[in-house]
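Quick notes on the structure that follows.
Quick note: the coordinates plus some simple rules give every number you see, no bench work behind them. The structure displayed is predicted, hence computed values, not measured ones. Using ideal geometry, Cβ is built from the backbone for each residue, glycine included, and neighbour counts are taken over all protein chains shown.
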């Protein structure tokens, strides 16, 4: 076990080192990550000003919406996996996946550690600007910090959201064993993700029938439910259920991702010379 | 027990055939034509411990596909293979810890980091004990003379330097079997020589079983006693390098040095005159007629010197490939190899 932990740490350390090689790209990428928050704040301000400051669907006023949006940004910081699926399909297409097949290493585990390194590096620097924005917008969090158990549930959904986002997009990348190019599939996924995860707007402002359909999907667990739990939009007695559903989806995609990998490797043609 | 045993190993692909042109690209959206490519056709091979075997063959013959099957990168269509007692495509960690695959011009090291970081990662992945790792790394770095390059990002190394680092990474865990796919491709003469010297020394010292594919005859001549020729996915020869020339070299080269620059012009009746630089002339003569031709020339002309030698290995191999391609239907690997040169003389 100790040897395995040491291996994981070495992989994580090297992935972190790799992230720090291109300093200008690293600096720009991390420090500018908070800019979309600012534009969204202005956008919602304009929407509410134009509609006379009414509540949307009777649930969200301007403060609620800003608080919600900031929290979905946190959720997406954990669950979004830019370049993961396309990177896997590129590795398959160009043959660089060979090293995972010939060396005694678990490709999915390796990529997970790589992604953890990516998040650790970027957000350890971006936490400054993020914290500044949250502090400037602290007035929008009318109810303040949630109680400790709710806070724990919020953290649990973020961690599971990270893992769910990873295994979901890794599974999409594994489709590269069949189709080589997955960019169109990714586009469709991102389209659904954008609307159904709650990133654009809270899904509970949708009509009842639409909300019930979307709640059956895994996508709300990537952004909406972490924010909703923090803001108290999910009743206390419902939180264990939501955590269980999220864990169920996570387990499903862990199994599915590995299944796709093992099936895909069987039909792999060894491209790239 | 042999280190490598292959029986009836076959790998076929279904490949999309797209004729040239925009119309065919559009047509391909709705209807596609496919062709079956038989990259490896039912090959049998046994390699014992410590052997250094060269795989030769024209492009598309099945050399790299065979290495990929033996390293577990791809799964065969039919047949079996056992390497170190393992089935390669099951990709068991116990097997993956005992072999290494190095492909020329393919990079497995971290591109943006110094090679030493990749080596440290390999130490963990292969569970190499610390003192063993330090000893092996020091030895390999010294043999390949790359001590000053360890701290440089891999992207800043030349091709030859990167190849050395790839070899070090592959050998850190002291594999029992090493698969080398054109390790010197694209390297200059000096770098090729360095890699050859290193591989020869390493193999002699460690008795590692090595399978090497290469298009450079100098690699093969310098390193391998045994040569396997693959064409059209089938093994057509398995034996010594000298045996190739004896078996396939149908001609000898006779070099004549005349006493003066007045070289005769009627020697084409003895063979193909291909090089005339008075007073020297070179003729290709059928192997079976050498004695007769020599007797006739010596009896007729005044010569200062004469020599008879085998054609260059590259010419013999090229001739073998060309004849096999011709028998194979212009290199069409969908057809079985009808070559009459199949010879297993090991």
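Some points to look at:
- Candidates B:129, B:20, B:204: whichever shows maximal mean-square fluctuation once chain B is modelled as a Gaussian network with Cα springs under 10 Å: B:20
- Compactness ratio for chain B: Cα radius of gyration over 2.2 N^0.38 Å (N = residue count) comes to 1.20.
- Antiparallel DSSP beta bridges within the protein assembly as shown, as percent of all bridges there, nearest 5: 70
- In terms of its C-alpha gyration tensor, the protein assembly as shown has a prolate overall shape, because the principal axis ratio a/c (a ≥ b ≥ c, square roots of the eigenvalues) is not below 1.5 and a/b outweighs b/c.
- Contact order relative to length of chain A, as percent, for alpha carbon pairs under 8 angstrom and 6 or more apart: 29
- The mean count of C-beta atoms from other chains within 10 Å of the C-beta of residues in A:94-102, rounded to a whole number, is 6.
- Prolate/oblate/rounded label for region A:107-235 (Cα gyration tensor, a/c 1.5): oblate
- Distances between every pair of Cα atoms in region A:186-225, grouped in 5 Å steps from 0 to the bin holding the largest one, split as 6, 29, 36, 22, 6, 1 percent.
- For region A:119-172: rounded, prolate or oblate by the Cα gyration tensor [a/c cutoff 1.5]: oblate
- Debye equation applied to the C-alpha atoms of region A:161-273, log10 I(q)/I(0) at 0.12, 0.17, 0.24 Å⁻¹: -0.50, -0.87, -1.37
- Each residue in B:259, B:308, B:37 was given a count of other beta-carbon atoms within 10 angstrom of its own, and listing them fewest first yields B:259, B:308, B:37.
- Full extension of the chain between residue B:30 and residue B:260 yields a length gain of 75.5 nm, computed as 0.36 nm times the residue separation minus the alpha carbon distance.
- Segment residue B:139-residue B:189, length gained on full extension (0.36 nm per residue, minus Cα span): 15.6 nm
- Placing a label point 7 Å from the Cα of residue A:46 along the Cα-to-Cβ direction, the residues of region A:186-211 whose backbone N falls under 18 Å of that point are A:200-201.
- With Cα atoms defining each centre, region B:282-326 and region A:53-94 are spaced 76 Å apart in the structure.
- Stretchable slack from residue A:216 to residue A:180, in nm (0.36 nm times residue separation minus alpha-carbon distance): 10.0 nm
- Part-to-part distance (alpha-carbon centres) for region B:168-222 and region B:235-273, which is given in Å: 31
- Neighbour-count order for B:102, B:26, fewest beta carbons within 10 angstrom listed first: B:26, B:102
- Counts of other chain beta carbons within 10 angstrom of each beta carbon in peptide B:212-225 average 0.
- Span from the region B:96-142 Cα centroid across to the region B:17-49 one, whole angstrom: 35
- Considering only alpha-carbon pairs that sit under 8 angstrom and 6 or more positions apart, the relative contact order computed for chain B is 19 percent.
- Antiparallel %, DSSP beta bridges [both residues in chain B], to 5: 70
- Cα-based convex hull, region A:2-267, per residue volume (Å³, whole number): 151
- Taking chain B as a Gaussian network of alpha-carbon nodes connected by springs under 10 Å, the highest mean-square fluctuation of the residues B:235, B:297, B:210 belongs to B:297.
- Computed packing ranks the peptides B:134-143, B:178-187, A:109-118 as B:178-187, A:109-118, B:134-143, most packed first, by mean other Cβ atoms within 10 Å.
- Label-reachable residues, region B:100-125, where backbone N falls under 15 Å from a point 7 Å from residue B:206's Cα toward its Cβ: B:100-103, B:119, B:122-123
- Just checking the listed ones, A:81, A:200, A:160: in the Gaussian network model of chain A with Cα springs under 10 Å, the one fluctuating most is A:200.
- Taking every residue in B:113-126 and counting other chain Cβ atoms within 10 Å of its Cβ, the average works out to 4.
- Note on chain A: helix-only mean residue ellipticity at 222 nm, from DSSP H runs of 4+ residues weighted -39500 (n - 2.57) and normalised by residue number, equals -23500 deg cm²/dmol.
- Residues A:127, A:47, B:6 in ascending order of nearby Cβ atoms (within 10 Å, fewest first): A:47, A:127, B:6.
- The relative contact order of region B:1-157 comes to 23 percent, based on Cα pairs under 8 Å that sit 6 or more residues apart.
- Label sites at residue A:244 and residue B:274, each approximated as a point 7 angstrom past Cα along Cα to Cβ, lie 8.2 nm apart.
- Sites residue B:309 and residue B:1 - FRET efficiency at Förster radius 45 Å, r taken between beta-carbons, to 0.05: 0.65
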